[in-house]
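*Asks:* Handing you a structure now.
The values are calculated or read from the model by the stated rules, or taken from the named source; none is laboratory data. Everything quoted here is computed from the prediction, not taken from an experiment. Cβ placement follows ideal geometry from the backbone for every residue including glycine, while neighbour counts extend to all protein chains displayed. With ligands, DNA and RNA removed, areas are computed over all heavy atoms of the protein, side chains included. Shrake-Rupley method; radii C 1.70, N 1.55, O 1.52, S 1.80 Å.
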Amino acid sequence: MRRVFKEVFYFKKELLFILLSVFGTVMSILGLPALLSNMIDNTIPNSDYVGTLSIGGIMLVLVVIGVACGIVTSYSAASVSMGVGRSLRSQIFEKVQYFSESEIDRFSSSSLITRTNNDVNQVQTFLNQFLRIAIQAPIICICSIILAFSVSTSLALVVTVSVPAMIIAILLLGNLAMPLSAKIQKKIDKINLVMREKLTGVRVIRAFGATEFESDKFNNINLEYKRDNKKMQRITNAIVPTLSLIIPATSSSLLILSYIKHYQGESFTIGEVVSVLQYVLQIMYSVSMLTVIFVLLPRVVTAANRADEVLRTVPSIIDKENTKDSTDKKGYLEFKNVSFMYKDANEPIIKNLSFKSKPGETTAIIGGTGTGKSTIVNLIPRLYDVTEGEILIDDVDIRDYSLESLRAKIGFVPQKAVLFTGTIDSNIRFGDKNITEDEIEEAAKIAQAYDFIIKKDDGFNSKISQGGTNVSGGQRQRLAIARAIVRKPEIYIFDDSFSALDFKTDKSLRMALSKEIKNATTIIVAQRVSTIMDADRIIVIDNNEVVGIGTHNELLKNCDVYKEIVNSQIRQEEV
């Protein structure tokens, strides 16, 4: 919550308006009981209707001032709360931009989305209510207590019982609500996770007839959320009937007390009784207004802490204080005794890997599923950092580069081709914002994407839906390759980027690509032997270790694992 209130103080002008309007509202509210008392005492014994009308006019003016000030307060509070919400969302988004894969795995995508949207919305709602109520209500309460005692100490004593009773009830209910808030926010995370899996995997779910299973899975989580939320609502809703009992009971007690005191000989007018009653009611209603804060407080504390947890997280991969941007060499890549182990893993997924690759050379990585092939290439742009050893680009440790300059040297095509909402043109241009239309077309031709693009009604301006779900897997891969080509990097990384292509397209693409990238270093992760047979260097991974490095023909002679892979894919006479 400290971060939230720190953000609030950036809105100094709006806060000033709130303070001034609250002052106006309080003055108008506190002035009404005194005027009402004066009106009653002057009218009943004296029948002074002229004086009554003048007092009524003043009361009307006070009401208008109060309404105007209330409008200013509401407008300013909304401006501050929405501004803080926008700022928090922007900060979380910017922070997540610099998270490594380790931090993303730690929080999970669904939780980060919940924290950015739902949790920040909780903070916004609370701030809006807090700025309107938390300043005004205590002032009204304190001033009303002073004024009530100044009119009649004996009558005002009734608040010494009722106000503590209200505060105790609110605190007890708030204590019960706080633990439930954390559970509810976690349930929202789970709902988002299941919903996201449902939407992204809808085709698989339907194909396997698992719709009912997934529905039951969602319903179970939804039911848990309902149970916890129901408990929360019962607790918070109990505040209203509690206050509904205390407020009329206090009013009744005050009237009975005034009747008793009158017959005991204490002297006070009807106007004074009404005045004290009004002040007491203002005390009670100001405390009631504060209950809105207490109702929201448990959930907003949890929400604010969850948002703050993201903002307090220091990315594990950051720039050094003194970084290097470039050297005379271009595109030289070297792994020196590199090992990598995931957090909380029992053993490294990569052990003691060493190799060199220079411009014009292609290094391929092949091996069984889960042997760490993708992890190796993820280390180059520092999506993860090596556990041991070092990776050099142009004879400089990649940790000595700034992340921006390091990644500017790399054209990366991930295992799962990711496209963004927009057009084909905007997705290819994602690799370089300054490229020309001719360069986009040329990249599309090299990636074997040009033919299917021009067949679309809008060509390069054809829409791409979220995640590229309106194009096939092979088309997504070709567009992702075109995006890397326009970048014209020193190092190309293709992480199993040809897997969705047919053999004819694969061959055509590799032939066209070889001319484009002849002056760059190329790293290819592949499952197909046909894709990497012509590589200058093939690294064979088995059981998280390098079991062979060499050309296709060399490995056929001295690497049994590679020979098994080849024999499983290619007929003996083609080998």
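*Asks:* Tell me the mean residue ellipticity at 222 nm calculated for the chain from its helices only (DSSP H runs of n ≥ 4, each -39500 (n - 2.57), averaged over every residue, nearest 500).
*Replies:* Result for the chain, helices only: -21000 deg cm²/dmol.
*Asks:* Using a 1.4 Å probe on the protein chains only, how many percent of the accessible area of the chain belongs to carbon and sulfur?
*Replies:* 57 percent
*Asks:* Still on this structure, I have one more. Run the paramagnetic zone check for residue 438: 7 angstrom along Cα to Cβ, then residues of the range 451-492 with backbone nitrogen under 19 Å.
*Replies:* Once the point is set 7 Å along Cα→Cβ of residue 438, 460, 485-488 turn out to lie under 19 Å by backbone N, inside the range 451-492.
*Asks:* Another one. Report the gain in length on full extension from residue 352 to residue 463: 0.36 nm times residue separation, minus Cα-Cα distance, nm rounded to one decimal.
*Replies:* Here the answer is 35.4 nm.
*Asks:* Once the Cβ-Cβ distance between residue 216 and residue 519 is put in as r, and R0 is 56 Å, what FRET efficiency do you end up with, to the nearest 0.05?
*Replies:* 0.50
*Asks:* How large are Rg and Dmax for the range 366-486 when only the alpha carbon atoms are used, in Å?
*Replies:* According to the Cα coordinates of the range 366-486, Rg and Dmax are 16.5, 52 Å.
*Asks:* Expected output is a single nm value to one decimal: the length gained when fully extending between residue 472 and residue 420, i.e. 0.36 nm times separation in residues minus the C-alpha distance. What is it?
*Replies:* Between residue 472 and residue 420, full extension yields an extra 17.3 nm.
*Asks:* What is the calculated FRET efficiency for residue 149 to residue 63, with r their C-beta to C-beta distance and R₀ = 22 Å, to the nearest 0.05?
*Replies:* E(calc), rounded to 0.05, equals 0.30.
*Asks:* How large is Rg over Rh for the range 217-351, taking Rg from the Cα atoms and Rh as the Kirkwood inverse mean of 1/r across Cα pairs?
*Replies:* The Rg/Rh ratio comes out at 1.42.
*Asks:* What order do you get for 425-435, 371-381, 307-317 when each peptide is scored by the mean count of other beta carbon atoms within 10 Å, highest first?
*Replies:* Highest mean packing first, the order is 371-381, 425-435, 307-317.
*Asks:* Can you divide the C-alpha Rg of the range 311-413 by 2.2 N^0.38 Å and report the result to two decimal places?
*Replies:* Here the Cα radius of gyration is 1.10 times the empirical estimate.
*Asks:* At 1.4 Å probe radius, can you tell me the per residue accessible area of the chain in Å²?
*Replies:* On a per-residue basis, 52 Å².
*Asks:* Hey, which of these cross-link pairs are over 19 Å Cα-Cα: 198/343; 445/507; 336/356; 456/507; 445/488?
*Replies:* Exceeds cut-off: 198/343; 456/507.
*Asks:* Filter the chymotrypsin sites (Phe, Trp or Tyr not before Pro) in the range 143-219 to those in DSSP coil with at most 14 other Cβ atoms within 10 Å of their Cβ, and list the result.
*Replies:* 208
*Asks:* How large is the accessible surface of residue 442 in square angstrom, using a 1.4 angstrom probe and rounding to the nearest 10?
*Replies:* Approximately 100 Å² of residue 442 is accessible to the 1.4 Å probe.
*Asks:* Additional query: Could you tell me how many cubic angstrom of Cα convex hull volume the chain has per residue?
*Replies:* 217 Å³
*Asks:* Any chance you could run the full-extension gain for residue 94 through residue 456? It's 0.36 nm times the residue separation minus the Cα-Cα distance, nm to one decimal.
*Replies:* Additional length available on full extension: 126.7 nm.
*Asks:* In Å, the Kirkwood hydrodynamic radius of the range 208-254 over pairs of distinct alpha carbons?
*Replies:* The Cα-based Kirkwood calculation yields 13.8 Å.
*Asks:* Specify the inter-centroid distance of the range 369-442 and the range 290-357, based on alpha-carbon positions, in whole Å.
*Replies:* Their Cα centres are 17 Å away from one another.
*Asks:* Net charge around residue 551, counting only other residues with Cβ within less than 14 Å of its Cβ (Lys, Arg = +1; Asp, Glu = -1)?
*Replies:* Here the charged neighbours net out to -1.
*Asks:* In degrees between 0 and 90, to the nearest 10, how far off the longest principal axis of the chain does helix 503-516 point, with axes built from Cα atoms?
*Replies:* Result, in degrees: 90.
*Asks:* ³J(HN,Hα) across the range 294-304 via Karplus (A = 6.51, B = -1.76, C = 1.60, θ = phi - 60°), whole Hz, x for Gly/Pro?
*Replies:* Coupling constants for the range 294-304: 5, 5, 7, 4, x, 6, 6, 5, 4, 4, 5 Hz.
*Asks:* Can you give me the angle between helix 120-133 and the longest principal axis of the chain, using Cα atoms only, in degrees from 0 to 90, rounded to the nearest 10?
*Replies:* Around 20 degrees separate the two axes.
*Asks:* Right, something else. If amide H atoms are built 1.01 Å from N in the plane of the peptide, which residues on other chains or at least 5 residues away come under 5 Å of the amide H of residue 471?
*Replies:* none
*Asks:* For residue 558 and residue 319, what is the calculated FRET efficiency with R₀ set at 30 Å and r taken between the beta-carbons, to the nearest 0.05?
*Replies:* Using R0 = 30 Å, I get an efficiency of 0.10.
*Asks:* Further, regarding this structure: Would you list which aspartates and glutamates come within 13 Å of residue 515, measuring only between C-alpha atoms, while excluding same-chain residues fewer than 8 positions from it?
*Replies:* In chain and number order, the partners are 361, 442.
*Asks:* How large is the Rg to Rh ratio of the range 130-260 when both quantities use alpha carbon positions and Rh follows Kirkwood?
*Replies:* Result for the range 130-260 is an Rg/Rh of 1.29.
*Asks:* In addition: Would you check the accessible area of residue 135, probe 1.4 Å, heavy atoms only, in square angstrom rounded to 10?
*Replies:* About 50 Å², rounded to the nearest 10.
*Asks:* Would you mind estimating how fast the range 273-326 diffuses translationally, via Stokes-Einstein at 37 °C and 0.692 mPa s with the Kirkwood radius over Cα pairs, in µm²/s?
*Replies:* Once the numbers are plugged in, D ends up at 206 µm²/s.
*Asks:* Thinking of the range 417-469 as a set of Cα atoms, what percent of all their pairs are more than 12 Å apart?
*Replies:* Cα-Cα pairs in the range 417-469 separated by more than 12 Å: 64 percent.
*Asks:* Which is farthest toward the positive dipole end of the chain among 355, 302, 403, measuring Cα position about the Cα centre, with Cβ charges +1 (Lys, Arg) and -1 (Asp, Glu)?
*Replies:* Sorting the options by dipole projection puts first 302.
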